[in-house]
1. Would you be able to say whether some residue in the stretch 148-161 is under 20 Å from Val94 (Cβ atoms) and hydroxyl-bearing (Ser, Thr, Tyr)?
2. Which one is surrounded by the fewest Cβ atoms within 10 Å (Cβ to Cβ) among residues in the stretch 368-394 that are aliphatic (A, V, I, L, M) and within 23 Å of Gly318 (Cβ to Cβ)?
3. Tell me which of these Val296 doesn't satisfy, since it passes every other one: (1) in contact with a Gly (Cβ under 6 Å, 6 or more places away or on another chain); (2) farther than 27 Å from Leu167 by Cα; (3) in contact (Cβ under 8 Å) with a residue 60 or more places away in the chain.
4. Restricting attention to the stretch 227-268, which residues are of a type in the set (Phe, Trp, Tyr) and in contact (Cβ under 8 Å) with a residue 40 or more places away in the chain?
5. Find all pairs meeting these conditions: Cβ atoms under 6 angstrom apart; at least six residues apart or on different chains; first residue within the stretch 177-190 and basic (Lys, Arg); second residue in a helix (DSSP H, G or I) and at pLDDT 95 or above.
6. Taking Glu143, is it closer than 20 Å to Glu241 by Cα and in a loop (DSSP other than H, G, I, E, B)?
7. Among the residues of the stretch 126-158, write down those that are without any contact (Cβ under 8 Å) to a residue 12 or more places away in the chain and surrounded by 15 or more Cβ atoms within 10 Å (Cβ to Cβ).
8. Checking Leu167 against (1) surrounded by 18 or more Cβ atoms within 10 Å (Cβ to Cβ); (2) in contact with a Ser or Thr (Cβ under 8 Å, 6 or more places away or on another chain), which single condition isn't satisfied?
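The values are calculated or read from the model by the stated rules, or taken from the named source; none is laboratory data. Bear in mind the structure is a predicted one, so any value in this text is a computation, not a measurement. Using ideal geometry, Cβ is built from the backbone for each residue, glycine included, and neighbour counts are taken over all protein chains shown.
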Amino acid sequence: MRIKRYRRTPLFRPPARQRGWLPFLLWMGVVAGMAFLTRDWWLAWLRLPMTPRPQATLSAAYAAFNAGDWHTAIELARALHRDQHDSGALTLLVRTLIYRSYVDFEHRSDRARALELSQEAFAAASNQRSVQAIHALALQANERPQEAARLALRVIERDSEDIVARLALALAYGSQGLFEASLREAERAVGIAQTSAPAWLWDALRVRAIALGNLGRYRDALNAINTAIENNRRLIPAHFERALFALQLGATDTATSAYFNVLAFDPNNVKARFRLCELSSVMREREAAIAYCRDVTERAPEFVDGWYQLGREYFLQGDFANAQRALNRCAALQVLQDVPVPDRRFECWYWQGQAAEILGDCASLTAIYTEFVTMTVVAQVPQVWVYPPEGPPICQQ
């Protein structure tokens with residue numbers, strides 16, 4: 001046997017394990033990985049937060065508001081109002097809730113919540129001027145303009161430069177049909193904002209645009225709302241109002257652009273898609289209208305008007321089977337949601353019945369018509385849909 005002399009280890013004994021840094025580094029990597037994966041448990045056990053909470057300050061809440069981050073602004077202002085009873089936080093909280101209610105359909109209840117908060121504060125401090133002013137703004141937003149105007153005037157008697165009271169008064173006058181007075185108060189609000197309340201300039205410009213629109217001066221209203229948007233592009237309600245004024249002038253391209261701007265800032269916005277569906281319908285762009293409305297029903301399956309508009313578009317396009325299905329969903333949702341009979345959209349029953357009649361679906365037509373007649377017995381409705389006593393003629397053959 002030939003022995004290889006260059007081997008340092010014996011032939012008949014396993015070679016000793018060579019030591020080095022590599023095994024140590026591997027073990028350290030395993031330990032570090034386990035520590036990373038179990039960090040949540042350790043931090044919870046030690047009662048340490050994973051990341052520090054952002055401090056709730058009024059300046060941080062205003063920064064979130066100006067950035068169009070409604071959720072953060074509301075949470076920060078709510079925390080300040082709850083923990084410190086800060087009147088400035090209450091003002092911002094109510095203000096943000098009101099504006100967020102105009103952003104999308106799912107937030108419509110924010111106006112009622114804003115009124116609840118201002119009402120609670122007013123009950124506790126009815127003589128505090130800032131509380132009176134923001135309560136007036138909440139009253140106006142909840143369709144109580146007479147009360148809002150009286151309260152706003154009480155504030156203005158004590159401080160003619162109170163910007164919140166001026167805005168509430170301008171909007172309240174507009175809701176009562178006092179359009180010239182509304183514009184006068186809006187102009188005063190813009191002046192106050194420009195000189196002493198710059199944080200409210202966007203609000204004042206928006207209110208002036210609304211006052212001009214109420215007077216039928218749509219070109220001036222559009223210019224005014226464009227100025228508000230230039231002041232802050234991220235506040236979505238102004239884009240919807242820009243679209244409204246543009247449509248009054250027949251500027252459908254401008255309205256479309258406004259809705260797309262909303263979607264740029266809020267990609268999941270249902271309201272903008274619904275308005276695009278309506279606009280496409282007016283422009284007789286049936287395919288686009290159906291696409292937008294279908295998107296609305298997928299994103300907000302409990303939104304009654306979305307199903308109605310989708311069914312209407314199918315009907316006008318001659319797709320009566322899909323129209324019947326969409327309108328059936330519209331009718332069923334109103335019943336499930338306990339919508340009061342006088343407030344129901346009866347077109348969902350009538351158009352659904354017409355689609356069933358065209359398709360020769362007597363069973364569905366009879367059921368729909370019977371349900372409609374039952375509702376007319378419960379409440380007086382302006383719609384009229386009458387068949388002979390024996391029922392729909394096509395079902396008597």
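1. No, because not a single residue in the stretch 148-161 is under 20 Å from Val94 (Cβ atoms) and hydroxyl-bearing (Ser, Thr, Tyr).
2. Of the residues in the stretch 368-394, the ones aliphatic (A, V, I, L, M) are 368, 373, 375, 377-379, 381, 384, 386, 394.
Okay, now just the ones that are also within 23 Å of Gly318 (Cβ to Cβ), so 368, 394.
Details: Ile368: 27, Ile394: 14.
Among them, the one singled out is Ile394.
3. Result: Val296 fails condition (3) only.
4. Just the residues of the stretch 227-268 that are of a type in the set (Phe, Trp, Tyr), to begin with: 240, 245, 259-260, 265.
Correct list: Phe240, Phe265.
5. Pairs found: Arg188/Arg166.
6. So Glu143 passes the test.
7. Across the stretch 126-158, the qualifying residue is only Arg144.
8. Only one criterion in (1) surrounded by 18 or more Cβ atoms within 10 Å (Cβ to Cβ); (2) in contact with a Ser or Thr (Cβ under 8 Å, 6 or more places away or on another chain) is unmet by Leu167, namely (2).
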